[in-house]
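To start, the structure under review is shown below, and the notes come after it.
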Amino acid sequence: MHTNAPRKVIYDTDPGVDDAMALYYALAHAGVDVVGITTTFGNVTVEQAATNALYLTAIAGFEVPVTQGVAKPWVKPGEAPPDFIHGADGLGNLPSRLATHNVLDPRSSAQYIVDMARAHPGEITLVAVGPLGNLATALKLAPELPTLLREVILMGGTVVEPGNVSPVAEANIWNDPHAADLVFCADWKLTMVGLDVTHQVILPVTLFEKIARHQQHVATDTLLHAVKFYANFYSDLYPHVAKIHGCFGHDVLAFIYLTNPELFELESGRMRVAVDGLAQGQTMLRRKRIDYPQAGWESDDALTHACMQVDAHGASRVLEETLMSDWLPR
Ligand code: BDR
Ligand code: CA
């Protein structure tokens, strides 16, 4: 039986500007208890991701265990991080950083996930917003993991919206398609928050200016700096985003789904990932209950719940309310 106590979350992330936005949303929200942060390569190297997770929590006045995880994809060769989207440091090239003292938990991210899931069976929700190597490694370490976690919510993939690294692939899945396919085939409650919904929510820079003015805090100033850099990238790419000088909130939508599922419409079915070839990284949802004769589509056992529509105004409203609340220790 679940109570209304805050949801215990392990946040698996590659910060990353929208990862930082999502982290602050989660720390600010009374309904979420971030019990640990596991990091992966993706927007930056895994070392930089861990450094950023430690830094973002420290400057906001929180102490949360942070682990360092996988440094490269499961099978395919790794690539240079996209510094043109998130900056070389993942936070929009911060001009300087404060001295902070938080240190890494020495365990690997996968081991940490397994240890925490075993210590709190049925209680932990895994919110994953980067490539899925940590989760796939944790599954290898503990095949019973799906029975130990409460649920998995991931930002990644797309069903009908065009991809952002190829016509069919979203970046997190494309970065490690083999790991992603393992995750989609495991038998847990899995919700995918992909581009189908994250491209529906455009967040203007002015929102983060308003939050920074209101909070007057190094954490929200840092987020504003990062968002400005990231919004320039998105505004150069999409004319409708440029109109309001904004950006997509991608990763924060995974937490908004956790706190406000009523804002989303979902479709459920078996999900598989194309692991190589021209469609590498494509997330394919079995949308019709036909008995497809092709290998790989035999059973509907492991279902994915894919977010297809979101109330964009509602999502922006809860983001604003949460980050404007009194969450930063003074
Ligand atoms: C995803 O890729 C990364 O750039 C973002 O942080 C997000 O997790 C969007 O495709
Ligand atoms: Ca991310």
Quick count over region 244-254, residues being under 22 Å from Lys228 (Cβ atoms) and either without any contact (Cβ under 8 Å) to a residue 12 or more places away in the chain or hydrophobic (A, V, I, L, M, F, W, C) (or both), is 5
Residues of region 10-49 being of a type in the set (A, V, I, L, M) and assigned to a loop (DSSP other than H, G, I, E, B), in sequence order, are Ala30, Val44
Exception for Ile59 within (1) touching a helix residue (DSSP H, G or I) at 6+ places or on another chain (Cβ under 7 Å); (2) on the phi > 0 side of the Ramachandran plot; (3) of a type outside the set (Ser, Thr, Tyr) falls at (2)
>> Going by what's in this entry, would Leu94 be described as closer than 23 Å to Ala231 by Cα, away from ligand 1 (no atom under 16 Å from the Cβ), touching a residue at least 60 places away in the same chain (Cβ under 8 Å) and part of a helix (DSSP H, G or I)?
In response: no
Matching residues in region 125-141 (more than 16 Å from ligand 1 (Cβ to nearest atom) and crowded, with 23+ Cβ neighbours inside 10 Å) number 1
>> Against the condition more than 16 Å from ligand 2 (Cβ to nearest atom) and in contact (Cβ under 8 Å) with a residue 60 or more places away in the chain, how does Leu56 come out, does it pass?
In response: no
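Conditions (1) among the hydrophobic types (A, V, I, L, M, F, W, C); (2) surrounded by fewer than 11 Cβ atoms within 10 Å (Cβ to Cβ), marked per residue:
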position	(1), (2)
Asp291	no, yes
Glu298	no, no
Ala302	yes, no
His305	no, no
Leu319	yes, no
Ser325	no, no
Arg330	no, yes
(message) Suppose the filter is polar (S, T, N, Q) and in contact with a strand residue (DSSP E or B) (Cβ under 7 Å, 6 or more places away or on another chain); does Thr198 pass it?
(response) yes
Within region 159-180, of all residues that are farther than 18 Å from Asp19 by Cα and crowded, with 23+ Cβ neighbours inside 10 Å, the one nearest to ligand 1 (Cβ to nearest atom) is Ala169
Among strands (runs of 3 or more DSSP E) entirely inside region 248-330, those with 1 or more residues being more than 16 Å from ligand 1 (Cβ to nearest atom) and of a type outside the set (A, V, I, L, M, F, W, C) are 264-273, 303-310
**Asked** Is there a residue being assigned to a loop (DSSP other than H, G, I, E, B) and without any contact (Cβ under 8 Å) to a residue 40 or more places away in the chain anywhere in region 105-116?
**Response** yes
Among Gln216, Gln282, the single one that is of a type outside the set (Lys, Arg), touching a strand residue (DSSP E or B) at 6+ places or on another chain (Cβ under 8 Å) and over 21 Å from Trp188 (Cβ atoms) is Gln282
* Asked: On the given criteria, is Leu98 within 23 Å of Thr125 (Cα to Cα) and in contact with a helix residue (DSSP H, G or I) (Cβ under 8 Å, 6 or more places away or on another chain)?
  -> no
Taking region 181-201 and keeping residues within 14 Å of ligand 1 (Cβ to nearest atom) and hydrophobic (A, V, I, L, M, F, W, C) leaves Met192, Val193, Leu195, Val197, Val201
Scanning region 143-155 residue by residue, those closer than 15 Å to Cys185 by Cβ and within 14 Å of ligand 1 (Cβ to nearest atom) turn out to be Leu154
For region 180-191, pairs from a residue that is farther than 20 Å from Tyr257 by Cβ to a residue that is at pLDDT below 95 and part of a loop (DSSP other than H, G, I, E, B), with Cβ under 8 Å and 6 or more apart or across chains, are Cys185/Ala302; Asp187/Asp301; Asp187/Ala302
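The values are calculated or read from the model by the stated rules, or taken from the named source; none is laboratory data. This is a predicted model, so every value here is computed, not measured. Glycine also receives a Cβ, built like all others from the backbone with ideal geometry; neighbour counts cover every protein chain displayed.
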